[in-house]
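Trainee: Structure provided below as structure tokens; questions to follow.
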């Protein structure tokens, strides 16, 4: 007998088949997709999933139909038995939970109401984790419709944890990989419900063919207060919540969100403005994403600087370009400086790539980033950056280091340099476009706006122009300064324009995006204002430099570079630390960022049973 099927198994732990349920399920789910995923005579049908080394094949007649969880919030008593059963079966460490129980509270004493939510992976019809994963560690199986993830393929980038609206994939920074709920398909294969469902004391959790009402259920709703919109992924979970709830429900974790019902509609997330004061919180600008702060800014600087060097040199051969001082950018005008700049750009881009690779949980598997070019924006960004990097290297070799290729015909070397230059001029901006697409995530509304594109290309113009202008000003090429300053002003103007429209958008749509902006105005309010002042000061300085170039502009350019670089660094750090995902509500301790910070500050995180790693860095 299979190890998961014991003779004393109770009926409530057994997975109902079609005949046992006695109720026919519809052919299509509420999203118009067939519940039957493949026919029984499909060539792929009848094969073992080899879960936990088991070669057996389940005989459930519904094996190739989409299954899902049913959660009855009216019954849940927050005993956490489902969490414990899941963690025990999957042998999870204390800081990882595939299923977690959070809650919302409403009303006023003594008439208070609490609504519990138990949530794991929803094995969606349109799993964004699968599409986003660059290593192709995810697979949507026809068997039960399970979305399974292979930790051995994963290299720990964590992108699936960004795109999932439900916080289902769990990045274990200690182990260096992601893992998640696997629907307990090994139990399904022997006719048992998932461990969490079998352990539920109050009958709040159930499981079966989706869109089919389990016993003692009246409703099959797609949403519940605190649950993100199902339109992002079409999740396979259905809810029942029939008891009356107060008009306003509050989270007990540190997210500044509450859920308010207008009229007879559903509860919608709005900002929980608690009147907190503005602060600096400079220390909290640090995050696990610090390597990405450096990687994105350096990549944008390198692309912008190269474009100015290469295209400026090309335009410098024309009468118009020479009139703007672009002739100084020709390799022959300042051969040592030009070569030094190219080698320097290649060097800092190499450093940025190393930092981004070390950011992975398993850096030695970086090559797997190219595995999902069809769907993953991460794969496309990595591929485009690699193309740009190699073409930049080729241009540097054939231009700055041409002397070492003296054995080749001069015309060939020049032709190869030109080809690499034009290729890099195309690949660089394309790489930044793919980089911006990484952050257009519905599950992270603060990022999901075109301001990401304006910021990335704005930094390309401003940082790139200053990276070229400063060393050329040091050798007395002041004629170049108006053009460089114009590019800086254009870049800063583009970024400021995007920020203005971004704030308007967040205030209009509300929800998690507006809550992130609330943190920006309060917890980081003084830092945010300083960033905005820096942008304005940089823009005014760049315009002044463009219109009235000083006789010796080195000091002015150096000061402008300091202002713009500091502003970009703070802005990018805010970009990462402010974002609030459309995740499920946590509890007062568990899944609460506020408690996690408290545990690290006080030393509680050193106790493994607390479930908080001492550091995320």
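Trainee: Look through segment 157-197, keep the residues that are assigned to a helix (DSSP H, G or I) and touching a helix residue (DSSP H, G or I) at 6+ places or on another chain (Cβ under 7 Å), and return whichever of them is nearest to residue 70 (Cα to Cα).
Mentor: 196
Trainee: Report yes if residue 500 is assigned to a helix (DSSP H, G or I) and surrounded by fewer than 18 Cβ atoms within 10 Å (Cβ to Cβ), otherwise no.
Mentor: yes
Trainee: Could you tell me how many of the residues in segment 512-556 are surrounded by fewer than 21 Cβ atoms within 10 Å (Cβ to Cβ) and touching a strand residue (DSSP E or B) at 6+ places or on another chain (Cβ under 7 Å)?
Mentor: Looking only at that region, the number is 0.
Trainee: Identify all residues within segment 503-551 that are closer than 16 Å to residue 255 by Cβ and not in a loop (DSSP other than H, G, I, E, B); write none if there are none. Write out each step before concluding.
Mentor: Kept after step one, since they are closer than 16 Å to residue 255 by Cβ, are these residues of segment 503-551: 506, 510-524.
Matches in segment 503-551: 506, 511, 512, 513, 514, 515, 516, 517, 518, 519, 520, 521.
Trainee: Out of segment 231-262, which residues are in a loop (DSSP other than H, G, I, E, B), farther than 30 Å from residue 109 by Cβ and either in contact with a helix residue (DSSP H, G or I) (Cβ under 7 Å, 6 or more places away or on another chain) or touching a residue at least 40 places away in the same chain (Cβ under 8 Å) (or both)?
Mentor: 232, 233, 234, 235, 236
Trainee: Among the residues of segment 591-608, are any without any contact (Cβ under 8 Å) to a residue 60 or more places away in the chain, buried (at least 21 other Cβ atoms within 10 Å of the Cβ) and either assigned by TED's automatic domain parsing to the domain that holds residue 230 or closer than 25 Å to residue 449 by Cα (or both)?
Mentor: no
Trainee: For segment 21-54, which residues satisfy the criterion of being exposed (fewer than 12 other Cβ atoms within 10 Å of the Cβ) and modelled with pLDDT under 75?
Mentor: Those that are exposed (fewer than 12 other Cβ atoms within 10 Å of the Cβ) and modelled with pLDDT under 75: 22, 24, 40, 44, 52, 53.
Trainee: What residue, of 492, 506, 559, 487, is surrounded by fewer than 20 Cβ atoms within 10 Å (Cβ to Cβ) and either at negative phi or not assigned by TED's automatic domain parsing to the domain that holds residue 226 (or both)?
Mentor: 559
Trainee: Buried (at least 20 other Cβ atoms within 10 Å of the Cβ), touching a strand residue (DSSP E or B) at 6+ places or on another chain (Cβ under 6 Å) and closer than 26 Å to residue 33 by Cα: is that true of residue 228 in this structure?
Mentor: Judged against the criteria, residue 228 is not a match.
Trainee: Residues that are within 23 Å of the chain's Cα centre (by Cα): list the helices (runs of 4 or more DSSP H) wholly contained in segment 263-370 that include at least 3 such residues.
Mentor: 290-316, 335-358
Trainee: Of these, 408, 397, which one is over 20 Å from residue 301 (Cβ atoms), at pLDDT below 95 and part of a helix (DSSP H, G or I)? So that I can check it myself, show each step before the final result.
Mentor: Values: 408 fails: part of a helix (DSSP H, G or I).
Only one candidate passes the filter, namely 397.
The values are calculated or read from the model by the stated rules, or taken from the named source; none is laboratory data. Please read these numbers as outputs of a predicted model, since none were measured by experiment. In this analysis, Cβ positions are derived from the backbone assuming ideal geometry, glycine residues included, and neighbour counts consider all displayed protein chains.
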